[in-house]
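Trainee: A single structure is presented below for examination.
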Amino acid sequence: TGLSLRTHGHNFGEPPVAKTYADTSYPALLKAAGYRTGFAGKYGMRFDKVGAKDVFDFYKPINRGPYRKKMPDGSMRHETDLCGDAAVEFITSTPADTPFCLSISFNASHAEDGDRRPGFHFQWPESTDGMYEDVEIPAPRLGDEKYRKAMPPFLQEDGLSRGRFFWRWDTHEKYETNLRAYFRMLSGIDNVIARVQSLLKERGLAQDTIIIYTGDNGYMMGDRGIAGKWNHYEQSVRVPLVVFDPRLPKDKRGRVLKELASSMDIAPTIVDYAGLEVPSVVQGLSLVPLIQADKNVEWREDVFCEHYFNRYPDWHSVRNDRYKYAVYYDNGPYECLYDLQEDPDEFTNLAADPKHAQTLAKMRKRLEWY
């Protein structure tokens, strides 16, 4: 939708997204403009009076639980590869003269929480069997107990994050086994993306197809003595974002842009790339001007983040190039302020430091603006 959760209001167990926001979602806009729209994988949205089949011409939900699924011929196939199968089906069934937009939401690399055995907790596809066995796995960089003790008190012993740490990362042997399994899951996704790219090339579509790759959250792989996500730290909120536009001139390829982007930017970027007008209700920004710019473009000074889910302390934050300010509003409220330039590991909370009172006041004001 290109909207924040606090705007559209939908989460686990919450009411569906209002129909008006469904009508301005990227699949609805592209479908209305003549694009064939498709979706495969994990579908986590609910729209009021609008179903997934109303905005997607091709809709194939594929969930984990279990990851490996029995096929009609008795063979087993991993969810990641089934997402690849669906992508192939969509692309090959789309008429050559029809523009398309396909979204693939991989369940990997979610853990299989019901199976906590090392090596089974993260279930990878057959295509990555044996990968990383010869790779030395270093201990978590922020694994020292001092990093856990520097966290807000209510996060240090949080049952969800601390509990899952003991499922996955609490011994080095378990850590190595599970991390190799986790990386195999990620490489399985890479293999499917390569498969889709090969198909695009085979069908003469590779030079006119934009690919956007991203994730919904980072991962606390034993850092700070916890597991999972959900918190305000960089390991949790930073995600990969790769925009591959084969039409770009060579001097604009392979660049790493430093401007702050948000997951809310994905929808308007897709709409903009399709040559459509981005609805005024959308809160994200199209990344197209940054990607295509010959020189610097005017851009946002900070970015908004939030977490709302009743199994973990809820928070919202604002982050600029140097500072991050986060508030756990159900715990106090409890404020966090970090100087990411001087303290990139977010070890020292400056919220109570008088020397940073002016910065704190500015960041509070920015968060109120959002």
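Trainee: Of all strands (runs of 3 or more DSSP E) completely enclosed by the range 1-89, which ones contain at least 1 residues that are within 28 Å of residue 268 (Cβ to Cβ) and among the aliphatic types (A, V, I, L, M)? Show your work before the answer.
Mentor: Working: elements: 36-41, 58-61, 68-70, 76-78.
Where strands (runs of 3 or more DSSP E) fall fully within the range 1-89 and carry at least 1 residues being within 28 Å of residue 268 (Cβ to Cβ) and among the aliphatic types (A, V, I, L, M), they are 36-41.
Trainee: I need the full set of residues from the range 264-322 which are open to solvent by 50 Å² or more (accessible area, probe 1.4 Å) and polar (S, T, N, Q), in order please.
Mentor: Of everything in the range 264-322, those that are open to solvent by 50 Å² or more (accessible area, probe 1.4 Å) and polar (S, T, N, Q) turn out to be 280, 283, 292, 296, 310.
Trainee: Only one of these conditions is not met by residue 57: (1) open to solvent by 60 Å² or more (accessible area, probe 1.4 Å); (2) over 20 Å from residue 100 (Cβ atoms). Which number is it?
Mentor: It fails just one condition, (2).
Trainee: Moving to a separate point now. Report every pair of residues separated by at least 6 positions or lying on different chains whose Cβ atoms are under 6 Å apart, first residue within the range 25-49 and of a type in the set (Gly, Ala, Ser), second part of a strand (DSSP E or B) and surrounded by fewer than 22 Cβ atoms within 10 Å (Cβ to Cβ).
Mentor: 38/58; 38/102; 40/60; 41/105
Trainee: Turning to a different aspect of this structure: Being in contact (Cβ under 8 Å) with a residue 60 or more places away in the chain, of a type outside the set (Gly, Ala, Ser), within 30 Å of residue 337 (Cα to Cα) and open to solvent by 30 Å² or more (accessible area, probe 1.4 Å), is that true of even one residue in the range 186-198? Steps first, answer last, please.
Mentor: The initial filter retains those residues of the range 186-198 that are in contact (Cβ under 8 Å) with a residue 60 or more places away in the chain, namely 186-189, 191-192, 195-196.
Next, from what is left, pick out any that are of a type outside the set (Gly, Ala, Ser): 186, 189, 191-192, 195-196.
Add one more test, that the residue is within 30 Å of residue 337 (Cα to Cα), and what stays is none.
For the range 186-198, residues in contact (Cβ under 8 Å) with a residue 60 or more places away in the chain, of a type outside the set (Gly, Ala, Ser), within 30 Å of residue 337 (Cα to Cα) and open to solvent by 30 Å² or more (accessible area, probe 1.4 Å): absent.
Trainee: If you don't mind, another one. Among the listed residues 125, 118, identify the single one that is closer than 30 Å to residue 201 by Cβ, touching a Ser or Thr at 6+ places or on another chain (Cβ under 7 Å) and either surrounded by 15 or more Cβ atoms within 10 Å (Cβ to Cβ) or modelled with pLDDT of 95 or more (or both). Explain how you work it out, then say what you get.
Mentor: Values: 118 fails: closer than 30 Å to residue 201 by Cβ.
Answer to the check: 125.
Trainee: Considering only residues that are touching a Lys or Arg at 6+ places or on another chain (Cβ under 7 Å) and in a loop (DSSP other than H, G, I, E, B), look in the range 113-132 and name the one that is farthest from residue 235 (Cα to Cα).
Mentor: Per the criteria, the residue is 131.
Trainee: Give 191, 178, 231 a once-over and let me know the one that is in contact with a Lys or Arg (Cβ under 8 Å, 6 or more places away or on another chain) and of a type in the set (S, T, N, Q). Steps first, answer last, please.
Mentor: Numbers: 191 fails: in contact with a Lys or Arg (Cβ under 8 Å, 6 or more places away or on another chain); 231 fails: in contact with a Lys or Arg (Cβ under 8 Å, 6 or more places away or on another chain).
Going through 191, 178, 231 in turn, the sole match is 178.
Trainee: Oh, and also: Report yes if residue 212 is outside any loop (DSSP other than H, G, I, E, B), in contact (Cβ under 8 Å) with a residue 40 or more places away in the chain and in contact with a strand residue (DSSP E or B) (Cβ under 6 Å, 6 or more places away or on another chain), otherwise no.
Mentor: Working: outside any loop (DSSP other than H, G, I, E, B): yes; in contact (Cβ under 8 Å) with a residue 40 or more places away in the chain: yes; in contact with a strand residue (DSSP E or B) (Cβ under 6 Å, 6 or more places away or on another chain): yes.
Here the answer is yes, as residue 212 does meet what is asked.
Trainee: Could you list, in sequence order, the residues of the range 95-118 that are in contact with a Leu (Cβ under 8 Å, 6 or more places away or on another chain) and closer than 15 Å to residue 79 by Cβ?
Mentor: 108, 109
Trainee: Take the residues of the range 199-219 that are under 16 Å from the mean Cα position of the chain (by Cα) and open to solvent by 20 Å² or more (accessible area, probe 1.4 Å): which is modelled with the lowest pLDDT? Reasoning before the result, please.
Mentor: Filtering the range 199-219 for residues under 16 Å from the mean Cα position of the chain (by Cα) gives 211-219.
Filter once more, keeping what is open to solvent by 20 Å² or more (accessible area, probe 1.4 Å): 211-217, 219.
Details: 211: 98, 212: 98, 213: 97, 214: 96, 215: 92, 216: 88, 217: 91, 219: 94.
Here the residue is 216.
Trainee: Among the residues of the range 104-111, are any among the aromatic types (Phe, Trp, Tyr), in contact (Cβ under 8 Å) with a residue 40 or more places away in the chain and touching a strand residue (DSSP E or B) at 6+ places or on another chain (Cβ under 7 Å)?
Mentor: Yes - at least one qualifying residue is present in the range 104-111.
Trainee: Sticking with this structure for a sec: Would it be correct to say that residue 47 is over 20 Å from residue 12 (Cα atoms) and open to solvent by less than 60 Å² (accessible area, probe 1.4 Å)? Before the answer, list the steps.
Mentor: Details: over 20 Å from residue 12 (Cα atoms): no; open to solvent by less than 60 Å² (accessible area, probe 1.4 Å): yes.
So residue 47 fails the test.
Trainee: Further question on the same structure: Return yes or no: is residue 349 in a loop (DSSP other than H, G, I, E, B) and within 24 Å of the chain's Cα centre (by Cα)?
Mentor: On the way: in a loop (DSSP other than H, G, I, E, B): yes; within 24 Å of the chain's Cα centre (by Cα): no.
Spelling it out, it is not the case that residue 349 is in a loop (DSSP other than H, G, I, E, B) and within 24 Å of the chain's Cα centre (by Cα).
Trainee: If you take the residues in the range 214-238 that are in contact with a helix residue (DSSP H, G or I) (Cβ under 7 Å, 6 or more places away or on another chain) and among the β-branched types (Val, Ile, Thr), which one is nearest to residue 288 (Cα to Cα)?
Mentor: 214
The values are calculated or read from the model by the stated rules, or taken from the named source; none is laboratory data. None of the values given here were measured: they were computed from a predicted structure. Counting neighbours? That spans all protein chains shown, and the Cβs are built from the backbone with ideal geometry, glycine included. With ligands, DNA and RNA removed, areas are computed over all heavy atoms of the protein, side chains included. Shrake-Rupley method; radii C 1.70, N 1.55, O 1.52, S 1.80 Å.
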